[in-house]
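Before any comments, here is the structure.
The values are calculated or read from the model by the stated rules, or taken from the named source; none is laboratory data. Keep in mind that this is a model prediction, so the values were computed, not measured. All Cβ positions, even for glycine, are placed from backbone atoms using ideal geometry, and neighbour counts span all protein chains on display.
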Amino acid sequence: MAVSQTLTQALDLVSEHKVEVVIAAAVIYLLSQFRTYFKLSHVPGPWFAGWSDVPHNWSIWNEVAYQYYHDISERYGKIARIGPNSVLSSSPEVWIHVNTKPGYKRSEWYFKAVRVEYQRDNIFSQTDTEKHDATRKKIAPGYSGRENLELEGSIDTRVAAFLGLIRRNYVSKEGGPVKKMDLAKKIQFFTMDVISLVAFGTTFHMLDQDSDISNFIKSSEDGLLIGNMFMALNLGWLVQAPVIGKFLGPSLKDKTGFGAMIRECFRYIDERAWAEGDELRSEVLEQLVAGSDTTAGALRGIMLHVLATPRVQRKMQEEIDAVYAERAWGEGVVPMAVVRQMPYMQAVIREGLRIWPPVLNLLPKDVPEGGDTIVVDGKKVFLPGGTCIGISTLAMHHNKELYGEDADVFKPERWLLETDQEKLAVMTRINDLTFGHGKWQCLGKPVAQMEINKMLFEWFRNFDWALVKPHKPWRLTNAFGLFLINDMWVRVMERET
Ligand code: HEM
């Protein structure tokens, strides 16, 4: 009774002083906006970034956020503001600092963006550093070639399957009809087949059947595009919200789409009795998401640049032929230990990852409580606690101060002809950041490296390649910083050696 009386009196008071209440609310709102604005007003950036996330979200909506980050860094320097509470940096030193200094944690972006299942975290979405570290300790050995001795053999079977698919369906002959192949699609078959083999111990057989089995790839692309839209509208939290989120996110009962894909994956996992418990199921599922588009993006990017540079293709094949002539490994797929010793191939891969880094989202981290002072180009910059700081990947890897005026050109020789050893070491350290750094560094790096190294060797040892539409080499979009690429049509011919 007393509560309802007080409520009525309060409502009466508000209705008597409507104008004053509106003014007070506006003042409080403006004060909080000013407070937020001034927190980071010493960081350069477009004026609107201090007041609104809309321009940033607009770039996400248009699927060009990676380019937006690059352009902001080019214009405002190595640390720049992109939102009221967000900054981004293209400085490798800053990024290494953020990823190693205790107290930094993953921002809430992670659970909004990469929590594949409703309200259940995986290692990638885990924002609680302690829980993340504990999970990482548990699952890391399974990802490493040293601990997982079957890894290389598993990948070899899929490399051989790719060569087999090309020979069965896509080899064109001199003067005969051209059998066009969408390399972008087949690369995704390859990465999906590898990752299913690594994650569940059984492959999807996409290469063997030359098909997007159960529409997994389409579902995953649709899921990324829809998720990207939610993020652009600042609604990422909705799919994880209590009750309502259950109906918005993918459901295991869905007939198609991401939900259907998750159900199928769980079936694979259960059949193999690979993992026990829901937590491990989530980790396995997460590998599929983290490990297929990323490596596919890398392989497509490297291939496009090599195919557009005939001199590089020729030099790669000369190196491959010399190694193959001396081969001590028999007839199978080239061993990783051999490709690792091929300087030109390694330069091509490093340069490919530099010119076309496949993971381009902010990977944002929160500054520890109490704030932190970072150093950018010798100047100290204070970031208040809770500020969200992300990486400007493209700007970092295309930095003209380090790589020169031709930083945006694919030139593997820059890794071979650099005489300044100190500079080469810096370039290498920065290049390694493609896979992240410190406690959040990519766990799948050995898997991805094996896929890229072996596949490139075998593609170019066996075949000659050409783009079918050099004027429009592929169709591309970007969601969550990952490239979704289709229609990369190529002509493949047996090599005349
Ligand atoms: C060229 C291919 C790849 C690139 C460029 C790449 C890049 C990255 C990056 C930048 C991160 C760090 C994210 C952060 O700072 O929070 C990451 C994390 C991760 N990646 Fe990869 N990745 C690739 C392939 C793979 C593959 C093949 C797998 C699985 C076999 C994988 C599994 C993971 C996992 C599990 C994490 C989370 C690690 C953690 O939270 O501790 N990645 N990756």
Quick check on segment 210-221. Is at least one of its residues in a helix (DSSP H, G or I) and more than 30 Å from F111 (Cβ to Cβ)? no
The residue that is nearest to I262 (Cα to Cα), considering only those in segment 117-135 that are away from the ligand (no atom under 12 Å from the Cβ) and at pLDDT below 85, is E117
* Asked: Taking K253, is it more than 16 Å from the ligand (Cβ to nearest atom) and either modelled with pLDDT of 95 or more or within 18 Å of the chain's Cα centre (by Cα) (or both)?
  -> no
Residue hits (segment 276-334; closer than 26 Å to D182 by Cα, within 16 Å of the ligand (Cβ to nearest atom) and charged (D, E, K, R)) are D293, R300
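Results for (1) over 30 Å from V375 (Cβ atoms); (2) out of contact with any Gly (no Cβ under 7 Å at 6 or more places or on another chain); (3) assigned to a helix (DSSP H, G or I); (4) not acidic (D, E), shown as yes or no for each residue.
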residue: V3; (1), (2), (3), (4): yes, yes, yes, yes
residue: T6; (1), (2), (3), (4): yes, yes, yes, yes
residue: Q9; (1), (2), (3), (4): yes, yes, yes, yes
residue: V14; (1), (2), (3), (4): yes, yes, yes, yes
residue: I23; (1), (2), (3), (4): yes, yes, yes, yes
residue: V27; (1), (2), (3), (4): yes, yes, yes, yes
residue: Y37; (1), (2), (3), (4): no, no, yes, yes
residue: V43; (1), (2), (3), (4): no, yes, no, yes
residue: S52; (1), (2), (3), (4): no, yes, no, yes
Here is a check on your reading of the model: is R475 surrounded by fewer than 14 Cβ atoms within 10 Å (Cβ to Cβ) and within 15 Å of the ligand (Cβ to nearest atom)?
no
Taking segment 85-116 and keeping residues of a type in the set (S, T, N, Q) and either more than 11 Å from the ligand (Cβ to nearest atom) or outside the structural domain of H437 (by TED's automatic domain parsing) (or both) leaves N85, S86, S89, S90, S91, T100
When every residue in segment 422-460 that is surrounded by fewer than 18 Cβ atoms within 10 Å (Cβ to Cβ) and more than 16 Å from the ligand (Cβ to nearest atom) is compared, the one nearest to E93 (Cα to Cα) is V426
Counted residues in segment 189-238 being among the β-branched types (V, I, T) and more than 21 Å from the chain's Cα centre (by Cα) come to 3
